[in-house]
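The values are calculated or read from the model by the stated rules, or taken from the named source; none is laboratory data. What you see is a predicted model, and the numbers here were worked out from it, not measured in a lab. Glycine also receives a Cβ, built like all others from the backbone with ideal geometry; neighbour counts cover every protein chain displayed. SASA here: full protein model, heavy atoms, side chains in, ligands and nucleic acids out. Shrake-Rupley method; radii C 1.70, N 1.55, O 1.52, S 1.80 Å.
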Amino acid sequence: MKLIVGLGNPGDKYNNNRSNIGFKILDVIANNIGIEIKTKKKKSLIGRGEFEGDEVVLLKPQTFSDLSGESVLYIASFLKIQVKDIVLIHEDLQLELGQIVVTKGGESDGHPGVESVSVSLRSPNFIRIRIGVRNSKYVVKKREEFLRDDFEPMENLSLIQIINDAEAAIRSISMGDIEEVIQKYHL
(Lines give C-alpha, C1' and ligand atoms only; values in the text may rest on other atoms or scores of the structure.)
Protein backbone atom coordinates (compact mmCIF):
# COMPACT_ATOMS: atom_id res chain seq x y z
CA MET A 1 0.00 0.00 0.00
CA LYS A 2 1.24 3.49 -0.85
CA LEU A 3 0.33 6.77 0.81
CA ILE A 4 0.32 9.65 -1.67
CA VAL A 5 0.24 13.03 0.05
CA GLY A 6 -0.40 16.36 -1.63
CA LEU A 7 0.66 19.42 0.34
CA GLY A 8 -1.55 22.48 0.33
CA ASN A 9 -3.76 24.66 2.46
CA PRO A 10 -7.46 24.04 3.13
CA GLY A 11 -10.07 26.59 2.10
CA ASP A 12 -11.38 28.06 -1.13
CA LYS A 13 -9.21 31.18 -0.92
CA TYR A 14 -6.09 29.02 -1.36
CA ASN A 15 -7.35 26.87 -4.27
CA ASN A 16 -5.21 28.42 -7.00
CA ASN A 17 -2.22 29.42 -4.82
CA ARG A 18 1.22 28.22 -5.82
CA SER A 19 1.51 26.43 -2.48
CA ASN A 20 -1.54 24.29 -3.35
CA ILE A 21 -0.05 22.51 -6.35
CA GLY A 22 0.11 19.30 -4.30
CA PHE A 23 -3.66 19.44 -3.68
CA LYS A 24 -4.32 20.20 -7.37
CA ILE A 25 -2.27 17.22 -8.56
CA LEU A 26 -3.88 14.88 -6.02
CA ASP A 27 -7.37 16.02 -7.08
CA VAL A 28 -6.65 15.27 -10.75
CA ILE A 29 -5.16 11.86 -9.94
CA ALA A 30 -8.17 11.04 -7.76
CA ASN A 31 -10.54 12.07 -10.54
CA ASN A 32 -8.62 10.07 -13.17
CA ILE A 33 -8.65 6.85 -11.15
CA GLY A 34 -12.10 7.24 -9.61
CA ILE A 35 -11.20 7.90 -5.97
CA GLU A 36 -13.10 10.44 -3.90
CA ILE A 37 -10.99 12.30 -1.37
CA LYS A 38 -13.68 13.09 1.15
CA THR A 39 -13.31 10.86 4.22
CA LYS A 40 -12.41 12.98 7.24
CA LYS A 41 -9.80 11.43 9.53
CA LYS A 42 -7.62 13.19 12.10
CA LYS A 43 -7.28 16.61 10.44
CA SER A 44 -7.13 15.04 6.98
CA LEU A 45 -9.19 14.24 3.93
CA ILE A 46 -8.44 10.82 2.50
CA GLY A 47 -9.55 8.57 -0.31
CA ARG A 48 -8.69 4.92 -0.87
CA GLY A 49 -8.59 2.88 -4.02
CA GLU A 50 -6.36 1.23 -6.57
CA PHE A 51 -3.65 2.85 -8.66
CA GLU A 52 -1.55 0.87 -11.15
CA GLY A 53 -2.48 -2.38 -9.42
CA ASP A 54 -1.53 -1.20 -5.92
CA GLU A 55 -3.79 -0.12 -3.10
CA VAL A 56 -3.31 3.59 -2.45
CA VAL A 57 -4.43 6.14 0.05
CA LEU A 58 -4.61 9.74 -1.18
CA LEU A 59 -4.15 12.26 1.62
CA LYS A 60 -4.80 15.99 1.78
CA PRO A 61 -3.70 17.25 5.22
CA GLN A 62 -6.08 19.88 6.58
CA THR A 63 -3.56 21.32 9.05
CA PHE A 64 -2.10 23.81 6.56
CA SER A 65 1.01 22.83 4.64
CA ASP A 66 3.57 23.79 7.28
CA LEU A 67 2.06 21.36 9.83
CA SER A 68 1.37 18.43 7.51
CA GLY A 69 3.50 16.00 9.47
CA GLU A 70 0.80 15.49 12.08
CA SER A 71 -1.69 14.20 9.51
CA VAL A 72 0.85 12.11 7.62
CA LEU A 73 2.10 10.43 10.80
CA TYR A 74 -1.40 9.62 12.00
CA ILE A 75 -2.59 8.08 8.72
CA ALA A 76 0.68 6.22 8.08
CA SER A 77 0.64 4.79 11.61
CA PHE A 78 -3.05 3.93 11.55
CA LEU A 79 -2.70 2.08 8.22
CA LYS A 80 0.80 0.68 9.00
CA ILE A 81 2.38 2.28 5.92
CA GLN A 82 6.17 2.34 5.93
CA VAL A 83 8.08 5.56 5.30
CA LYS A 84 9.52 4.17 2.04
CA ASP A 85 5.94 3.81 0.73
CA ILE A 86 5.03 7.47 1.27
CA VAL A 87 5.05 9.85 -1.72
CA LEU A 88 4.91 13.57 -0.92
CA ILE A 89 3.93 16.05 -3.66
CA HIS A 90 4.85 19.67 -2.94
CA GLU A 91 5.75 22.99 -4.50
CA ASP A 92 9.38 23.98 -4.85
CA LEU A 93 10.50 27.58 -5.28
CA GLN A 94 14.00 26.49 -6.29
CA LEU A 95 12.61 25.02 -9.51
CA GLU A 96 11.15 26.93 -12.45
CA LEU A 97 7.45 26.53 -13.15
CA GLY A 98 6.84 23.08 -14.57
CA GLN A 99 10.12 21.44 -13.61
CA ILE A 100 9.58 18.15 -11.79
CA VAL A 101 12.23 16.47 -9.68
CA VAL A 102 11.79 13.15 -7.87
CA THR A 103 14.00 12.52 -4.85
CA LYS A 104 14.11 10.11 -1.95
CA GLY A 105 15.22 11.21 1.48
CA GLY A 106 17.55 14.12 1.96
CA GLU A 107 17.11 17.59 3.34
CA SER A 108 13.86 19.55 3.34
CA ASP A 109 15.53 22.37 1.35
CA GLY A 110 13.87 24.89 3.67
CA HIS A 111 10.32 23.70 2.96
CA PRO A 112 8.45 23.81 6.29
CA GLY A 113 5.88 21.19 5.22
CA VAL A 114 8.57 18.71 4.18
CA GLU A 115 10.41 19.41 7.44
CA SER A 116 7.20 18.80 9.41
CA VAL A 117 6.71 15.43 7.71
CA SER A 118 10.37 14.44 8.24
CA VAL A 119 10.28 15.34 11.94
CA SER A 120 6.91 13.65 12.53
CA LEU A 121 7.96 10.44 10.78
CA ARG A 122 11.44 10.64 12.36
CA SER A 123 12.81 9.97 8.91
CA PRO A 124 13.30 11.89 5.66
CA ASN A 125 13.35 8.65 3.63
CA PHE A 126 10.04 9.14 1.84
CA ILE A 127 9.73 9.90 -1.86
CA ARG A 128 9.32 13.55 -2.82
CA ILE A 129 7.86 14.89 -6.04
CA ARG A 130 9.06 18.46 -6.17
CA ILE A 131 6.99 20.67 -8.49
CA GLY A 132 8.58 23.91 -9.67
CA VAL A 133 6.41 26.99 -9.12
CA ARG A 134 8.97 29.77 -9.53
CA ASN A 135 8.46 32.12 -12.43
CA SER A 136 11.32 34.50 -13.01
CA LYS A 137 9.05 36.77 -15.09
CA TYR A 138 7.24 37.86 -11.92
CA VAL A 139 8.87 39.80 -9.14
CA VAL A 140 9.40 37.45 -6.24
CA LYS A 141 8.30 38.89 -2.94
CA LYS A 142 8.90 37.18 0.35
CA ARG A 143 8.68 33.39 0.04
CA GLU A 144 5.38 33.09 1.92
CA GLU A 145 3.80 35.98 0.04
CA PHE A 146 4.75 34.57 -3.36
CA LEU A 147 3.44 31.11 -2.48
CA ARG A 148 0.09 32.59 -1.40
CA ASP A 149 -0.23 34.33 -4.77
CA ASP A 150 -2.50 32.69 -7.30
CA PHE A 151 -1.01 31.42 -10.52
CA GLU A 152 -1.10 34.08 -13.23
CA PRO A 153 -3.62 33.54 -16.09
CA MET A 154 -0.89 32.54 -18.56
CA GLU A 155 0.58 30.14 -16.00
CA ASN A 156 -2.79 28.43 -15.62
CA LEU A 157 -2.45 27.23 -19.20
CA SER A 158 0.77 25.43 -18.23
CA LEU A 159 -0.80 23.77 -15.19
CA ILE A 160 -2.54 21.10 -17.28
CA GLN A 161 0.79 19.85 -18.63
CA ILE A 162 2.48 20.16 -15.23
CA ILE A 163 -0.26 18.08 -13.59
CA ASN A 164 -0.09 15.47 -16.37
CA ASP A 165 3.70 15.25 -15.99
CA ALA A 166 3.41 14.86 -12.21
CA GLU A 167 0.82 12.10 -12.65
CA ALA A 168 3.20 10.34 -15.07
CA ALA A 169 5.95 10.53 -12.44
CA ILE A 170 3.66 8.97 -9.84
CA ARG A 171 2.68 6.21 -12.26
CA SER A 172 6.39 5.55 -12.89
CA ILE A 173 6.99 5.29 -9.15
CA SER A 174 4.15 2.78 -8.80
CA MET A 175 5.31 0.66 -11.73
CA GLY A 176 9.09 0.84 -11.63
CA ASP A 177 12.30 0.98 -9.73
CA ILE A 178 12.52 4.21 -7.71
CA GLU A 179 16.16 4.70 -8.70
CA GLU A 180 15.19 4.69 -12.39
CA VAL A 181 12.43 7.22 -11.71
CA ILE A 182 14.85 9.47 -9.81
CA GLN A 183 17.23 9.34 -12.79
CA LYS A 184 14.41 10.19 -15.19
CA TYR A 185 13.15 13.14 -13.11
CA HIS A 186 16.26 14.99 -12.02
CA LEU A 187 17.85 18.35 -12.73
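Mind ranking Y74, Y14 by accessible surface for me, highest first, 1.4 Å probe?
Y74, Y14
Assuming 0.36 nm per residue, please report the length gained on full extension of the stretch V119 to M1 beyond their Cα-Cα distance. Could the numbers behind the result be given before it?
Details: separation 118, 0.36 × 118 = 42.48 nm, distance 2.20 nm.
Contour length minus Cα-Cα distance gives 40.3 nm.
In Å and from the alpha-carbon atoms only, list the Rg and Dmax of segment 105-187.
15.0, 40
Under unit Cβ charges (Lys, Arg +1; Asp, Glu -1), what dipole magnitude, rounded to 20 debye, does segment 7-48 have relative to its Cα centre? All intermediate terms of the calculation are to be shown ahead of the outcome.
Numbers: 9 positive and 3 negative charges, 54 e Å.
So the dipole magnitude of segment 7-48 works out to roughly 260 debye.
Rounding to the nearest 20 debye, state how big the charge dipole of the chain is about its Cα centre with +1 on each Lys and Arg Cβ and -1 on each Asp and Glu Cβ.
560
Using alpha carbons only, how many degrees (0 to 90, rounded to 10) separate the axis of helix 69-79 from the longest principal axis of the chain?
It works out to around 30 degrees.
So what is the diffusion coefficient of segment 2-110 in µm² per second by Stokes-Einstein at 10 °C and 1.306 mPa s, using a Kirkwood Rh over Cα pairs?
Estimated via Stokes-Einstein, D reaches 112 µm²/s.
Where in the chain lies the longest segment free of trypsin sites (Lys or Arg not before Pro) that are both loop residues by DSSP (not H, G, I, E, B) and have at most 15 other Cβ atoms within 10 Å?
No qualifying site falls inside 143-187, the longest such stretch.
Would you grab the residues whose amide H sits under 5 Å from the one on Q62? Only those 5+ places off in sequence or on another chain, please, with H modelled 1.01 Å from N.
Residues meeting the criterion, in which the H sits 1.01 Å from N, are S44, L45.
How many angstrom lie between the C-alpha centres of segment 1-34 and segment 88-154?
14
For the chain, find the longest principal axis of its Cα atoms and tell me its angle to the long axis of helix 153-175, 0 to 90°, nearest 10.
Result, in degrees: 30.
Could you sort S77, S71, S118 by their accessible area in this structure, using a 1.4 Å probe and putting the largest first?
Per-residue accessible area, sorted high to low, gives S77, S118, S71.
Suppose a student asked you for the relative contact order of segment 55-187, using Cα pairs under 8 Å spaced at least 6 residues apart; what percent would you report?
About 29 percent, as a whole number.
Under Stokes-Einstein, with the Kirkwood radius over Cα pairs standing in for Rh, what whole-number D in µm²/s applies to the chain at 20 °C and 1.002 mPa s?
In µm²/s, the coefficient rounds to 132.
Between K40 and L187, take the C-beta separation as r, use R0 = 35 Å, and let me know the FRET efficiency to the nearest 0.05.
E between K40 and L187, to the nearest 0.05, is 0.40.
Take every DSSP beta bridge with both residues inside segment 1-158 and express the antiparallel ones as a percent of the total, to the nearest 5.
Rounded to the nearest five, the antiparallel share is 50 percent.
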